[in-house]
1. Considering Cα pairs under 8 angstrom that are at least six residues apart, work out the relative contact order of chain B and quote it in whole percent.
2. Using a basic spin-label model with each label point 7 Å from the Cα along Cα→Cβ, how many nm lie between A:Arg69 and C:Arg66?
3. I'd like the Kirkwood hydrodynamic radius of the protein assembly as shown, using the inverse of the mean 1/r over distinct C-alpha pairs, in Å.
4. Classify the range B:6-201 from the C-alpha gyration tensor, please: rounded if a/c falls under 1.5, else prolate or oblate depending on whether a/b exceeds b/c.
5. Return the average number of partner chain Cβ atoms within 10 angstrom of each residue Cβ along peptide B:36-46.
6. What residue among C:Ala83, C:Ala74, C:Ala63 has the largest mean-square fluctuation in a Gaussian network model of chain C, using Cα springs under 10 Å?
7. Counting other Cβ atoms within 10 Å, keep those with at most 16, restrict to DSSP loop, and tell me which trypsin sites (Lys or Arg not before Pro) in the range A:70-113 are left.
8. Scan chain A and note any complete DSSP helix (H) whose C-alpha atoms cover at least 27 Å along its axis and whose Kyte-Doolittle average is -1.0 or more.
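Read the figures in this text as sums done on the coordinates, not as results from a lab. All of these numbers come straight from a predicted model, not from anything done at the bench. When we count neighbours, we look across all protein chains shown, and the Cβ atoms used for this are built from the backbone with ideal geometry, even at glycine.
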Amino acid sequence: MTVEPPVLLALDLAGTFAFGLNGALTAVRTARLDVVGVVALGMITALGGGVIRDVLIGSIPPATFRDWRYFALAAAGGLIAFALSRRLHRLETPIMVLDAIGLSVFAVIGASKALAFGLGIGPAVLLGMVTGVGGGTIRDTLVQRIPSVLHSDLYAIPALVGAAITVAAVRAGVYSLPAALGAATVCFVIRMLGVHYRLNAPEPPGTSGHRGSPRDDA
Amino acid sequence: MTVEPPVLLALDLAGTFAFGLNGALTAVRTARLDVVGVVALGMITALGGGVIRDVLIGSIPPATFRDWRYFALAAAGGLIAFALSRRLHRLETPIMVLDAIGLSVFAVIGASKALAFGLGIGPAVLLGMVTGVGGGTIRDTLVQRIPSVLHSDLYAIPALVGAAITVAAVRAGVYSLPAALGAATVCFVIRMLGVHYRLNAPEPPGTSGHRGSPRDDA
Amino acid sequence: MTVEPPVLLALDLAGTFAFGLNGALTAVRTARLDVVGVVALGMITALGGGVIRDVLIGSIPPATFRDWRYFALAAAGGLIAFALSRRLHRLETPIMVLDAIGLSVFAVIGASKALAFGLGIGPAVLLGMVTGVGGGTIRDTLVQRIPSVLHSDLYAIPALVGAAITVAAVRAGVYSLPAALGAATVCFVIRMLGVHYRLNAPEPPGTSGHRGSPRDDA
């Protein structure tokens, strides 16, 4: 519906693949699943955020059901993660970078699409974030984990910032490929800083003392 | 779409705030979350039931995406709960009363809106209940708790009764502000009686002996 | 919307009843729930897959909200399971057979309906599977179990095969009652073979050694 430039489309497809890979890998580590479960969770991670967005803005059937490349890339990511699950630990950094690219592009494209379907500023920003974090949230819920977006290193906030810049650019009439890439880059940089410095959003007063992130267990 | 009287709108907004507060507070107690997680769960609790209803009846984008006040009140409830989480225990009774008001108003407005979108009697009653209990169910699922509506003090039943009275009033041609307030009041009273006397819906034969409600742990 | 032959409708209704019974029974065994929770989970199991499909293809309100018989049969299944929960162990085989019938018919009807709403081949196959497994997945998530479709005896694969045969028949112009029953029968047979021989889809390399299915605990 909304025509995104080829560069954004390429990044969107790359993000879909990265989310499929990353989602399936998380699934393999968390729960004992068969190949159907692993690939299904990879695909849900890759496509879930966009499907929620499209259902809420009325873009039916969802975009991922109309372009076979999304399906194919999400499934390919899931299958590769299944096959190589024992070796993928070594690739943790590239996978995490790809995941951050996916988050950034999904947030920008999600916000832009919500505006194109007539939603207001606030809902468009929110739906940009949901596009980025929705798939991983469904995956975590299905494997009985509290969604990592709710408690770990900055994840929702960079998506919110990227979506907000996108919405501001569209409303200011300056949305274009450089603007979109700029918004995605800001999201990406905040996310990488969050990972690198293990930044977290503030916790409720009185609880921060005894907090342990999963990584502290190691 | 359906024009509700100002009193109902005011109660609807009050219910949204109460659900945001209550949902975020439940989240703080159940799981270790950061501010994003707490506010997100407050908003999901406050807005989730209405969003499910609107998706199922085809009111897209959902009403809460078209009126910034719902967003603002849900987020405000979540932020207040986050900031005051250590002191809110003392406010348990008023919060619970506000929650019951939200449940009652959501059930009545949900059923009335479903009828306005052409649904039948049974689905409208069900969607009234879903509007009331849907947000809390999503919240509980995300923080890995069995949704309280499935096992604790009368919660779904008062919502069903309130929705059924609403549907009956609409079909009888006597739906008006007093009828809506009457239906909401019946729901509210049943809910408060359930809380006060710790009433529960019947359990499967043979299991009631060894049941312990969460409150019995104290 | 799509006119299915009476035999398929009868099987669809039988599947709905079986899913309601089976879903409620699973709920009773897994978690301590009251009558509202048990019946709600039975209905969610029976109706959830079709509702997800209808939301994604834009058939709003969902078919199960337009035909009271689905509601009635799903609720009846849930109530019977609640009342007889202690005796239903003895009926495990017939319940499992009914469940497999439901899976098969739902997969065929789901795929056929998705095509009728203009979806492509891949999405139609996927939505056929989702129609079959969606309700049970929501149920398992609500009672805090990893959805059985993700890890246990062949469940998703027979649904995929049945949906794929359906889509092939429609595209080849030979979809008819015998073709639909044939596709459902193939799904049913694969499912029953999976149960009988405890077949599972492959697991990630290196994990199959220490796997224990729930049944091995006995």
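1. On the way: 354 pairs, mean separation 48.6, N = 218.
RCO, chain B: 22 percent.
2. In this crude spin-label approximation the distance works out to 3.5 nm.
3. Taking every pair of different Cα atoms in the protein assembly as shown, averaging 1/r and inverting gives 25.2 Å.
4. Values: a/c = 1.77, a/b = 1.42, b/c = 1.24.
Since a/c reaches 1.5 and a/b is larger than b/c, the shape of the range B:6-201 is classed as prolate.
5. 4
6. Fluctuation is largest for C:Ala83.
7. Passing both the DSSP loop test and the Cβ count: A:Arg86, A:Arg87.
8. TM-like helix candidates: A:6-30, A:35-57, A:92-116, A:121-142, A:177-197.
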